[in-house]
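Computed from the coordinates by the stated procedures, all read-outs in this text should not be read as laboratory data. Predicted, not measured: the structure shown is a model, and the values here were computed from it. Reconstructed Cβ throughout: ideal geometry from the backbone, glycine too, with neighbour counts over all protein chains shown.
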Amino acid sequence: MYKITIKRLAKDGTLTFSSPGKTISTKCYWNLTKKIPAGTYLNCSVTTVARKKNSKGMPREAVFLPNVAGFSEIFIHMGKPPYEKWSDGCIVIDEGKIIEIYNAITPKNAHNVTVVING
């Protein structure tokens, strides 16, 4: 099982990914006026977003959060400064970090990630 914990502060936060043998910690961001509710999101999955592209023009790597109250299609995905402009409720991190997390989780699309958002 894989776990992502997000600690939200006033304008940014810290995302920590943990799995057996690997921990990744990075700054994270979101749209300050449209943020998803704090809570525990079960059955999340790493996937790609075909209609959005990464810096190489390929489908964007992401973690999908199902069943987010008041939202649809919520992800943890890549972004660039100003990060909050990349978010419509999603959590945004540097591209290199989302790729590192994406590569660490197997199998893909397996509902094997828990995301906990605090704050």
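Miscellaneous remarks
- As a proxy for reagent exposure, ranking HIS111, HIS77 by other Cβ atoms within 10 Å from fewest up yields HIS111, HIS77.
- Anisotropy class of the stretch 1-67 from Cα gyration tensor, a/c 1.5 cut: rounded
- Fraction of beta bridges assigned by DSSP in the chain that are antiparallel (%, nearest 5): 75
- Here the 3J(HN,Hα) profile of the stretch 7-15, calculated from phi with Karplus coefficients 6.51, -1.76 and 1.60 at θ = phi - 60°, is 9, 8, 10, 4, 10, 8, x, 10, 9 Hz, Gly and Pro shown as x.
- Structure-derived Rg and Dmax of the Cα atoms in Å - corresponding label in [x] 18.4, 60; [y] 14.9, 47; [z] 12.8, 36: [z]
- GNM on the chain, alpha-carbon springs under 10 angstrom: the most fluctuating residue among GLY21, GLY89, GLY79 is GLY21.
- Comparing mean-square fluctuations of ALA38, ALA62, ALA50 from a GNM of the chain with C-alpha springs under 10 Å, the top value falls on ALA50.
- With a Förster radius of 22 Å applied to the C-beta separation of SER72 and LYS3, the computed FRET efficiency comes to 0.40.
- As a rough footprinting exposure proxy, the listed residues THR106, THR48, THR33 were ranked by other beta carbons within 10 Å of their own, and the order from fewest upward is THR33, THR106, THR48.
- In the chain the longest region clear of trypsin sites (Lys or Arg not before Pro) that are loop-assigned by DSSP and have at most 14 other C-beta atoms within 10 Å covers 57-107.
- Dipole-positive endmost among GLY79, THR26, THR114 within the chain (Cβ charges, Cα centre): GLY79
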